[in-house]
Structures are given as structure tokens and as C-alpha cells.
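Novice: This is the structure I have questions about; it appears just below.
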Amino acid sequence: MPKVSEEYKERKRELLLESALQCFSEKGYYATTIDDIAAYSKTSKGFIYNYFNSKEELYIALMEERTSRTFTALRERFATIEGATGKIKELFRMYREAKVGLQWQGLIRVHMEFWIHSARHENLRDIMVSRYKYQYRDFLKEIIEEGKASGEFEAHVDATVIASMFWGIIDGLSLHYSVIGDEYEYRSHFIQAEQMVLLYVGKK
């Protein structure tokens, strides 16, 4: 048997992740099967199990890689932005100007579906809660604390609470759009949400 290179393995792994993402987006997490992913990727169930032990493991790997890329890009982008206010505005802009449509709606539904699914399984819940606390929430806390230190934001503002509220707003608006669709005024809601958050945390 010829030796398979690490580069080959990584390409195949990426193929499986991308195929899973498309299947999850189109059918939802629960409805998608390993057979679906095998068919989409033109591989086999056995081939997939060489890389991932389960559909849950595949989703977690997909989520972790996308999250890592997102925060790497954010930190690089924020290195060029001065001030906490500018960074908050940039975050809202990124979500507001996301390429909405059926694929975006599908991705939101899959994330929310797995988030709820994880609540019933302790090991998955620990992974999701850790991701939320130490990646998403802490990322916003850093920005809020920066704004407090610079005098942009009120000193009494609770950074943990505001960070949690921010992601609650993002998830809520995104979820509404994923269900209601184009009838939902997605971008205008984000504009109002940005104004509301900055009005609350900013110097009065």
C-alpha cells in the first residue's frame, strides 16, 4: 500500500468538513446522516470514520475550525482599528453586511439546532459552554474593558453582562432572520441594535 501523505489527508479532511457543512445547511443537523455526507463528498461511510468517529465529532471539528479562523481574522482586523467603539461598530458591521440568503439561514439554523442539542448531553454542553465563555464572551469582554480603561465607556458597565448581551442580540436577530427570511428587516435591526448598545455603554 502506498503511503498517504499528510497533505492528502488534510485535503480529504477539508473535503469532509465542507461536505458536512453543506449537508447540515441544507437538511439540518438532526436530519443529516453520515450517508448523506458520504454521498455529497463522493466517499464512503468507512472513509469518513477514518477521520471522524461520529456526526457530532464532525460538527465540533467544523465549528472549532470556523471559529478559529473567524477570531484569527478578527484579531488581525482589529489591530488596524483604534478604540473600543470602533471595534464594536466593526463587529456589528460584519454581521449586518453578511451575505444573507438561504445558505446563511441554513448555517444559523444548524448552529442553533446543535446548541440546543448540546444542552441534553453533558460532554457536548461542556464543549459549547466553554467555547461561548472563553472565546466569544471573553473576546467582547476585552473590548469592553478596553473602552472602560480609555474612557470611551462608562466605568460602572459590567463587561461580562454586556458581552453576554451582545452575543444574545446577535443570536436573536440571526435566528429571527433564519425563520422569517427576507421579510425580516435584518440589516435595519442590526443598525438599531448597534445604536442601543453604544448608547448604553458610552459616556453619557
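Bear in mind these aren't lab numbers, they're just calculated from the coordinates by the rules spelled out. Predicted, not measured: the structure shown is a model, and the values here were computed from it. Here the Cβ is made from the backbone with ideal geometry for all residues, glycine too, and neighbour counts use every protein chain on show.
Novice: Can you give me the angle between helix 6-27 and the longest principal axis of the chain, using Cα atoms only, in degrees from 0 to 90, rounded to the nearest 10?
Specialist: On a 0 to 90 degree scale, this one is about 70.
Novice: Multiply the residue separation of Ala79 and Glu14 by 0.36 nm, subtract the distance between their alpha-carbon atoms, and state the gained length in nm to one decimal.
Specialist: Extra length available between Ala79 and Glu14 comes to 20.5 nm.
Novice: Note down the nm distance, to one decimal, between modelled labels 7 Å out along Cα→Cβ at Asn123 and at Leu199.
Specialist: With each label point 7 Å from Cα toward Cβ, the separation is 4.8 nm.
Novice: Now for a different question. Relative contact order, percent, of the chain when contacts are C-alpha pairs under 8 Å separated by at least 6 residues?
Specialist: Values: 140 pairs, mean separation 46.2, N = 204.
23 percent.
Novice: Sticking with this one: How long are the three semi-axes of the equivalent ellipsoid of segment 96-204, in whole Å, if each is the root of 5 times an eigenvalue of the C-alpha gyration tensor, listed from largest down?
Specialist: On the way: eigenvalues 142, 88, 17 Å².
After scaling each eigenvalue by five and taking roots: 27, 21, 9 Å.
Novice: For Lys141, give me every one of the aspartates and glutamates with a C-alpha distance below 20 angstrom, ignoring sequence neighbours fewer than eight places off in its own chain.
Specialist: Of all the aspartates and glutamates, those that pass the test against Lys141 - Cα under 20 Å, at least 8 places apart if same chain - are Glu76, Glu82, Glu90, Glu152, Glu154, Asp158, Asp171, Glu194.
Novice: Mind checking segment 131-203 for chymotrypsin sites (Phe, Trp or Tyr not before Pro) that DSSP puts in a loop (not H, G, I, E or B) and that have at most 12 other Cβ atoms within 10 Å? Let's see the in-between values first.
Specialist: On the way: sites: Tyr132, Tyr134, Tyr136, Phe139, Phe153, Phe166, Trp167, Tyr177, Tyr184, Tyr186, Phe190, Tyr200; in loops: Tyr184.
Of the chymotrypsin sites (Phe, Trp or Tyr not before Pro), not one in the loops of segment 131-203 has a Cβ with at most 12 other Cβ atoms within 10 Å.
Novice: Can you tell me how much longer the chain between Ser188 and Asp171 gets when fully stretched, taken as 0.36 nm per residue apart minus their C-alpha distance, in nm with one decimal?
Specialist: Between Ser188 and Asp171, full extension yields an extra 4.6 nm.
Novice: Still on this structure, I have one more. Put +1 on the Cβ of every Lys and Arg and -1 on every Asp and Glu Cβ in segment 81-201; which of Met128, Ala84, Leu173 then has its Cα farthest towards the positive end of the dipole?
Specialist: Projecting each Cα onto the dipole axis, the largest value belongs to Met128.
Novice: Which chymotrypsin sites (Phe, Trp or Tyr not before Pro) in segment 1-59 sit in a loop by DSSP (not H, G, I, E or B) and have at most 16 other Cβ atoms within 10 Å of their own Cβ?
Specialist: Within segment 1-59, the qualifying chymotrypsin sites (Phe, Trp or Tyr not before Pro) (loop, at most 16 other Cβ atoms within 10 Å) are Tyr30, Tyr51.
Novice: Can you list which of the trypsin sites (Lys or Arg not before Pro) found in segment 1-90 are DSSP loop residues with at most 10 other C-beta atoms within 10 Å?
Specialist: Lys3, Lys42
Novice: Here is a follow-up. Search the structure for amide H atoms under 5 Å from the amide H of Phe153, placed 1.01 Å from N in the peptide plane, and list their residues when 5 or more places away or on another chain.
Specialist: Sorted by chain and number, the residues that satisfy this are Lys148.
Novice: Separate question: Round to a whole angstrom and tell me the spacing of the C-alpha centers of segment 80-99 and segment 144-160.
Specialist: 17
Novice: Using the Cα centre of segment 81-201 as the reference point, and only Cβ charges (+1 on K/R, -1 on D/E), how large is the resulting charge dipole? Debye, rounded to the nearest 20.
Specialist: 300
Novice: Output ³J(HN,Hα) for segment 63-79: one whole-Hz value per residue in order, computed from phi by the Karplus curve 6.51 cos²θ - 1.76 cosθ + 1.60 with θ = phi - 60°, and x for Gly and Pro.
Specialist: With coefficients 6.51, -1.76 and 1.60, one gets 4, 5, 5, 5, 5, 4, 5, 4, 6, 5, 5, 5, 5, 5, 5, 6, 5 Hz.
Novice: Taking the Cα centre as origin and putting +1 on Lys and Arg beta-carbons and -1 on Asp and Glu beta-carbons, what dipole magnitude results for the chain, to the nearest 20 debye?
Specialist: Working: 29 positive and 31 negative charges, 45 e Å.
Roughly 220 debye for the chain.
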